[in-house]
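The values are calculated or read from the model by the stated rules, or taken from the named source; none is laboratory data. Nothing here was measured: the structure is a model prediction, and the numbers come from that model. Neighbour counts are summed over all protein chains in view; Cβ atoms, including those assigned to glycine, are modelled from backbone coordinates with ideal geometry. Accessible surface is based on the protein model in full, side chains and every heavy atom, while ligands, DNA and RNA are left aside. Shrake-Rupley method; radii C 1.70, N 1.55, O 1.52, S 1.80 Å.
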Amino acid sequence: MYRLIRFSLLASCLVPAFAVAEPGSHPPTIQHHQLTLELLPDSHQLIATDRLTLSGGASGRDLSFSLAPTLQVDRIQDLTHCPDPCESAPEIAFARDGAAGEKAPQRVILKQPVAGHGDGAVRVQFSYHGVIDDSPRDPRHLRFVTPSETSGHIGPEGVYLSSESQWYPDVDDSLATYDVTIKVPEGWAAVTQGLAQSDHARWLVSSKSEALTVVANRFVVKTRDWKAQSGQAIQLATYLFPEEAALADEYLDASARYLDAYIPLLGPYPFSQFAVVENFFSSGLGMPGFTLLGSGVIKRHYTQPYALGHEIVHSWIGNGVFNRVSDGNWVEGLTTYLSNYYYHELSGDEAQAREQRRLMLMGYSVYVRPGEEYPVRQFAQKHDEKDNAIGYQQAAMIFHALRQEVGEAVFWRALKQIPARYLGAVADWRDLERTFQEAAGRDLRWFFAQWVERAGVPKLELSGFDVRPAHGTSGQVRALDAVVHITQEGAPYRIPVELEFVLSEGRTYPVRIQLSDAQQDVIVPLAERPLAVRLDPGLHLIRRVARNELAPMLNLYVTDAQRTVVVPRTSPQQPGPLAEIVQRITAQEEAKSVAARTTVREANESAGPLPSGSLLVLGGPGENPAATDVLRNCGDHVHVTDKGFTVEGQSHEGATMALLVSCRRQDHPGSVVTLLYGVTPQALGRVARLLFFYGWQSYVVFHDGAVVARGDWEDRMSAEVRIETR
């Protein structure tokens, strides 16, 4: 899921949205918008007026506003000295910089300074109209879910106006409140931030916000007056299409559950309402006071922690406390930690909490290849899987490391201070560092320099152990001399690591050690002889795991430097699920250099030695001879017949069954061979469309397109090392 990020205008391509300030002065910003908005979906138009209150030395200054290039300003009036209701305010001459149709916003420049009050505040009114019609397009990414791409759209299928739409006049870096009245066609309803008044036509946004997002459609609206366990009253709401209206209570119940979980951790909920709003295009966006989820998401009951829970945490982190992406985006990492991960720990589900830590380590190790790392401090927004691994997963694990470093009480006390101090304001990584340092009562500069400002993560190798009598003891008392090697570029990390010694009868003995050298010997006294030792068995440390230590999976194929798709001889010519996969892959990679693209080979070309790298083989042995090579690498894990297949001894037969299986390539341990097999072409229809969303398991079994079994083969992320006797 994604928080909608408002971007500042880049100086490299746009003129700043206000004149250069004099030394020592503060540039003007907008404090309040009073908007009246009429939406005309059939003609893609809006008609609007905006009464803006500016401060920060706006009086007597040259003022410039950003606005969508497709919008036409009819007039601008000076309301500064005109009492409400203002009937005949003088007009202000203005000019436009930027032609309609350009992607960059136009600048609307006041040609004369506005005389303000003694405090420098001024009030102006824009009257404008025009078209917002950037139809949503499918995202360009193949392997992770992103919103459809649009800068804003008004149409019969729905209305979506965000900060990227530039649908109202704005000034960079403004944090404003809003009073907005929205007129929509009969049978429609609009939703935005803040609290709806009785008729849902007027909304009051009393909390400062970076931007205002308006959504409108033919919604069935359901509200619930609700009180959190803390005693705070919050209005819960759903805005769903008629087809999904029956799901309202499920989403209202889940919203209440997450709010009750996070209010004790983060303090009072920052808004008066939280709403789940259905969208007419693919999205998973969080705005102050509501989340916008595409119909496909709504239908799949997306009430999980990583979905609805993630957006609710954004109410505090990102939509309550803001960050400027130019100063680093800490928001997504902390939100991911609290929702995708910590909710499971809070609920007592340690198995799922460990699984989330495992997925974060895998995400980094798979998608951030050596030499492609960059510091978390430089993460701004997600463009691809590498950004996701660094800005979301690595950053989340850094907060986990911070919690271990400062301790439970300090961590949660400092976390609660972030909204308490910065609600309605901007905070960056240095503000977080300052907050945690004050709570801990000690210097944490080294921690943030190491984890936030340094590129990469540690790579640990447990290279050897032996058991010898402890000095000065006799009998059965022994000590373990453990040698731990840290392999990395540059200076070694200062990190805590857990070692787990395996004892007889399945017992274990955990030890927490501190590492600070590139090669470090650790001596651990033991009362009995161990059988083996494991490194970081709980997967609490963000670190690089070698590709040959990860369980084989489709995502190892996706990220291999050499990739080959082997298709049945008839697949490229005959329409069907397998041909669709090949078309999607080739279309996705058109922008890449020829050397970096996936190679596509027909089955008759693979009769000789298999090409290097990872293989994706489409079709079973009966239609694709290369499938036999895949199954040979899988050994006894998988057997395929004309009627079905067997996975780990479990038989699956029938025309609706399909299998996605990956095995380690024996002649290239860092690469994998992957097979997609359907007993019939019909069994692959839905699977083929969503193939790359099933990339994290060694095998996935489908029945009529639905997952019925999944699992992993060999996983050496916390491999055992047997103890040798000296």
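Could you list, in sequence order, all residues of the range 298-327 that are within 15 Å of the chain's Cα centre (by Cα) and either closer than 14 Å to ALA395 by Cβ or in a helix (DSSP H, G or I) (or both)?
PRO305, TYR306, ALA307, LEU308, GLY309, HIS310, GLU311, ILE312, VAL313, ILE317, GLY318, VAL325
Which of the residues belonging to the range 186-195 are under 22 Å from ASN319 (Cα atoms) and surrounded by fewer than 23 Cβ atoms within 10 Å (Cβ to Cβ)?
Residue satisfying the conditions is LEU195 alone.
Out of the range 679-695, which residues are out of contact with any Gly (no Cβ under 7 Å at 6 or more places or on another chain) and either surrounded by fewer than 18 Cβ atoms within 10 Å (Cβ to Cβ) or assigned to a helix (DSSP H, G or I) (or both)?
Correct list: THR680, GLN682, ALA683, ALA688, ARG689, LEU690, LEU691, PHE692, PHE693.
Would you please list the contacts, defined by Cβ atoms under 7 Å and residues six or more apart or on different chains, that run from a residue in the range 582-594 that is under 22 Å from ARG569 (Cα atoms) and modelled with pLDDT of 85 or more to a residue that is open to solvent by 70 Å² or more (accessible area, probe 1.4 Å) and of a type in the set (A, V, I, L, M, F, W, C)?
Close Cβ pairs satisfying both conditions: none exist.
Looking at SER59, is it modelled with pLDDT of 95 or more and among the hydroxyl-bearing types (Ser, Thr, Tyr)?
no
Considering only the range 493-551, state which residues are β-branched (Val, Ile, Thr) and open to solvent by less than 50 Å² (accessible area, probe 1.4 Å).
Correct list: ILE495, VAL497, VAL502, VAL511, ILE513, VAL522, VAL524, VAL533, ILE542, VAL545.
Taking the options GLN378, GLN393, GLN417, name whichever one is closer than 22 Å to PRO305 by Cβ, modelled with pLDDT of 95 or more and not hydroxyl-bearing (Ser, Thr, Tyr).
None of the others qualify; the one that does is GLN393.
Name the residue that is surrounded by the most Cβ atoms within 10 Å (Cβ to Cβ), counting only residues in the range 424-459 that are modelled with pLDDT of 95 or more and touching a Leu at 6+ places or on another chain (Cβ under 7 Å).
PHE436
Checking the structure you have, find out if any residue of the range 328-346 is β-branched (Val, Ile, Thr) and either outside any helix (DSSP H, G or I) or open to solvent by 10 Å² or more (accessible area, probe 1.4 Å) (or both).
Taking the range 328-346 and keeping what is β-branched (Val, Ile, Thr), we get 331, 335-336.
Of the ones still in play, those that are also either outside any helix (DSSP H, G or I) or open to solvent by 10 Å² or more (accessible area, probe 1.4 Å) (or both) are none.
So far as the range 328-346 goes, no, none of its residues is β-branched (Val, Ile, Thr) and either outside any helix (DSSP H, G or I) or open to solvent by 10 Å² or more (accessible area, probe 1.4 Å) (or both).
Of (1) of a type outside the set (S, T, N, Q); (2) closer than 30 Å to ARG722 by Cα; (3) touching a strand residue (DSSP E or B) at 6+ places or on another chain (Cβ under 8 Å), GLY424 satisfies all except one. Which?
It is condition (2) that GLY424 fails.
Report, by residue number, each residue of the range 41-79 that is surrounded by fewer than 19 Cβ atoms within 10 Å (Cβ to Cβ) and of a type in the set (D, E, K, R).
Within the range 41-79, ASP42, ASP62, ASP74, ARG75 qualify.
Is at least one residue of the range 630-643 under 15 Å from THR564 (Cβ atoms), open to solvent by 10 Å² or more (accessible area, probe 1.4 Å) and modelled with pLDDT of 90 or more?
Checked the range 630-643: at least one residue is under 15 Å from THR564 (Cβ atoms), open to solvent by 10 Å² or more (accessible area, probe 1.4 Å) and modelled with pLDDT of 90 or more.
With the requirement that a residue be open to solvent by 20 Å² or more (accessible area, probe 1.4 Å) and outside any helix (DSSP H, G or I), what does the range 375-423 give you?
Result: ALA380, GLN381, LYS382, HIS383, ASP384, GLY407, LEU423.
Against the condition modelled with pLDDT of 95 or more and over 18 Å from VAL108 (Cβ atoms), how does LEU39 come out, does it pass? I'd like the intermediate steps shown before the answer.
On the way: modelled with pLDDT of 95 or more: yes; over 18 Å from VAL108 (Cβ atoms): yes.
So LEU39 fits the description; yes.
Considering only residues of the range 289-309 that are among the polar types (S, T, N, Q) and within 14 Å of LEU252 (Cα to Cα), which is surrounded by the most Cβ atoms within 10 Å (Cβ to Cβ)?
Among them, the one singled out is THR291.
Do you know which residues across the range 188-211 are under 18 Å from ALA237 (Cα atoms), in a loop (DSSP other than H, G, I, E, B) and at pLDDT 90 or above?
TRP188, THR192, GLN193, GLY194, ALA201
Does any residue of the range 564-577 turn out to be open to solvent by 10 Å² or more (accessible area, probe 1.4 Å), among the basic types (Lys, Arg) and not in a loop (DSSP other than H, G, I, E, B)?
No, the range 564-577 contains no residue that is open to solvent by 10 Å² or more (accessible area, probe 1.4 Å), among the basic types (Lys, Arg) and not in a loop (DSSP other than H, G, I, E, B).
Working only within the range 655-670, note down all residues that are open to solvent by 10 Å² or more (accessible area, probe 1.4 Å) and in a loop (DSSP other than H, G, I, E, B).
Applying the first criterion (open to solvent by 10 Å² or more (accessible area, probe 1.4 Å)) to the range 655-670 yields 655-657, 664, 666-670.
Passing the criteria: ALA655, THR656, GLN666, ASP667, HIS668, PRO669, GLY670.
Could we say that THR213 is closer than 30 Å to HIS44 by Cα, of a type in the set (S, T, N, Q), open to solvent by less than 10 Å² (accessible area, probe 1.4 Å) and in contact with a Lys or Arg (Cβ under 7 Å, 6 or more places away or on another chain) here?
Taking the combined requirement at face value, the residue does not satisfy it.
State which residue pairs qualify: first residue closer than 17 Å to GLY267 by Cα and inside the range 230-246, second residue assigned to a loop (DSSP other than H, G, I, E, B) and open to solvent by less than 40 Å² (accessible area, probe 1.4 Å) in any location, beta carbons under 7 Å apart, and separation of 6 or more residues or different chains.
Taking only residues 6 or more apart or on different chains, the pairs are GLN232/TYR269; ILE234/ALA228; ILE234/TYR269.
Within the bounds of the range 612-619, is there any residue that is surrounded by fewer than 12 Cβ atoms within 10 Å (Cβ to Cβ) and within 20 Å of LEU690 (Cβ to Cβ)?
no
Of the conditions (1) under 24 Å from GLU345 (Cα atoms); (2) free of Cβ contacts under 8 Å to residues at least 24 places away in the same chain; (3) in contact with a Ser or Thr (Cβ under 8 Å, 6 or more places away or on another chain), TYR302 clears all except one; give me its number.
(3)
Can you work out which of the residues in the range 237-251 that are buried (at least 21 other Cβ atoms within 10 Å of the Cβ) and of a type in the set (A, V, I, L, M) is farthest from GLN417 (Cα to Cα)?
First, pick out the residues of the range 237-251 that are buried (at least 21 other Cβ atoms within 10 Å of the Cβ): 237-240, 251.
So of that shortlist, the ones also of a type in the set (A, V, I, L, M) come out as 237, 240.
Numbers: ALA237: 28, LEU240: 35 Å.
Within the range 237-251, the match that is farthest from GLN417 (Cα to Cα) is LEU240.
Can you go through LEU556, LEU539, LEU531, LEU550 and tell me which one is aliphatic (A, V, I, L, M) and modelled with pLDDT under 90?
Within the list LEU556, LEU539, LEU531, LEU550, the selection yields LEU531.
Could you grab me the full set of residues in the range 347-374 that are open to solvent by 40 Å² or more (accessible area, probe 1.4 Å) and part of a helix (DSSP H, G or I)?
Matches in the range 347-374: GLU350, ALA351, GLN352, ARG354, GLU355, LEU359.
Which pairs turn up if I take residues in the range 251-277 that are in contact (Cβ under 8 Å) with a residue 12 or more places away in the chain and look for partners that are open to solvent by 10 Å² or more (accessible area, probe 1.4 Å) and among the charged types (D, E, K, R) with beta carbon separation below 6 Å, at least 6 apart in sequence or on another chain?
From the range 251-277, the pairs are LEU252/ARG224; GLY267/LYS416.
Of all residues in the range 488-507 being out of contact with any Pro (no Cβ under 8 Å at 6 or more places or on another chain) and assigned to a strand (DSSP E or B), which is farthest from LEU462 (Cα to Cα)?
PRO496
Would the range 108-124 turn up any residue that is at pLDDT below 80 and at positive phi?
Yes: the range 108-124 contains one or more residues that are at pLDDT below 80 and at positive phi.
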